Amino acid sequence: MSSFTKFFATILPILCVVLEQTTTKPVKSTRCGAKGLARYSVVFNAEWSRNHFPKMYPLYRPPAQWSKLIGRTHNDDYTLWSLDSYASHGVRQFAETSRTRHLDQEAQGYKGVLDVFTAPSVSRGVGSTFTNFFVDSRHYKVSLMVRIVPSPDWFVGVDSVDLCKDGKWVDKLSVNLDPIDAGTDQGFTFTSPNWRTRQRIFKITSSAPSHPANPFYYPKLKQLPHIGFLVFKRLFVYGHDENEVVKSDEGKHTHDPAVADDSYMTTGEMNHKHTTKEAEDTPLDCLVSDWSNWGLCSKTCGFGTQSRHRMISQHRENGGQVCPPLKEERTCGSMRTCKWKAFRFGWS
């Protein structure tokens, strides 16, 4: 199959949606003012490392990784997810299992959806993946999600990012990402069993949820390190005239516009990428259990010692606070516990 045929097969459903909604259906959303059909790339850069997030970092069964990226371009009539709202059945299924059976029903043309796009999964905590998508003057917002694996119902993503500013298509845009709780499972740890609940979607911070079992709970930090970031890049704009193709301002490259990689990043974006990767490691203090009960006295007659112990429940990492003493001793016993024959008084 030629490259032209592949491109035509990709863009044809988009054009059908645009034609149908502009000729037969009233559209509630407003136009952004930008002309043409714009093609964008999005790169998801994952930065979920053990240095930045040392607490309970999953190393196996399964190790830290990311699901595939799912996204939609749409108008104001559609919402994939939003903070302080309840997750839909499709979002719940994806946030808990990475499956998209319900979301797959929200295809092109569904309630203001223009384009449906995905990107491959990331097999490690640190890595990247990318894909392309289309927007037009009526459907100029983009929403997407990537699930944190393993997790009860945690993900990262953006909600209704506007790619049209002042009547023009945005050329470049970087967005930092923080973990989000879908509000459908009360589990605190990465591999906690399913514990169904119904809460509003909320952002996970260094202090909330305020439970020591939460792996993102770092009460000494003002905010969590960003767990990743997105880079949106305008590639081409296809005008109303079929012969009119408007290139990006950085169109003087020899790369295939369908491919997104580091060569598409500006100096500022590359600095963003390296600065994030070289951010200070998150310190993890040593935590210990409660003291055990005091053990038996070392002597049954007279004075001896007895001890108690506590265990390390969280090892120190990245320059965190050192562990306190794990053993404590004290004097014990009494002469009153001795039998009389143990004493010698010097007479016969």
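Read-outs throughout are calculated quantities, based only on the coordinates presented, and are distinct from any laboratory measurement. What you are looking at is a predicted structure, and each value in this text was computed from that prediction instead of being measured. Note that we place each Cβ from the backbone using ideal geometry, even for glycine, and neighbour counts take in every protein chain shown.
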Using 7 Å Cα-to-Cβ label points, what is the M335/N176 separation (nm, one decimal)? 7.0 nm
Taking the Cα atoms of segment 113-225, what is the range of coordinates along each of the three principal axes, in descending order and whole Å? 47, 30, 29
Return the FRET efficiency for the residue pair Q321, R31: r is the Cβ-Cβ distance, R0 is 51 Å, and the value is rounded to the nearest 0.05. 0.35
With Rg and the Kirkwood Rh both taken from Cα atoms, where does Rg over Rh land for segment 106-173? 1.01
Whole-Hz ³J(HN,Hα) for each residue in segment 33-47, computed from phi via Karplus 6.51 cos²θ - 1.76 cosθ + 1.60 with θ = phi - 60°, x for glycine and proline: what do you get? x, 6, 9, x, 9, 9, 10, 10, 10, 10, 10, 9, 9, 8, 9
Order of 197-205, 230-238, 173-181 by packing, highest average Cβ count within 10 Å first? 230-238, 173-181, 197-205
Sort the following peptides by mean Cβ neighbour count (other Cβ atoms within 10 Å, averaged over residues), highest first: 144-157, 34-47. 144-157, 34-47
How much of the pair distance distribution for segment 43-148 lies past 16 Å, counting alpha-carbon pairs only, in percent? 62 percent
Which whole-number percent is the relative contact order of segment 179-218 (Cα, under 8 Å, 6+ apart)? 40 percent
Once phi is turned into ³J(HN,Hα) by the Karplus curve 6.51 cos²θ - 1.76 cosθ + 1.60 with θ = phi - 60°, what whole-Hz value does each residue of segment 96-109 show in order, with x for glycine and proline? 8, 10, 6, 8, 10, 4, 6, 5, 5, 6, 8, 8, 4, x
Given points 7 Å out from each Cα along the Cα-Cβ axis, report the S313 to Q186 separation in nanometres with one decimal. 2.0 nm
State to the nearest 20 debye the size of the charge dipole of segment 67-199 about its Cα centre, where the only charges are +1 on K and R beta carbons and -1 on D and E beta carbons. 320 debye
Long pairs among K68/K233; K111/K141; K141/K203; K111/K233; K68/K165, criterion Cα-Cα beyond 23 Å: K111/K233; K68/K165
K220/S85 FRET efficiency (R0 35 Å; Cβ-Cβ; nearest 0.05): 0.65
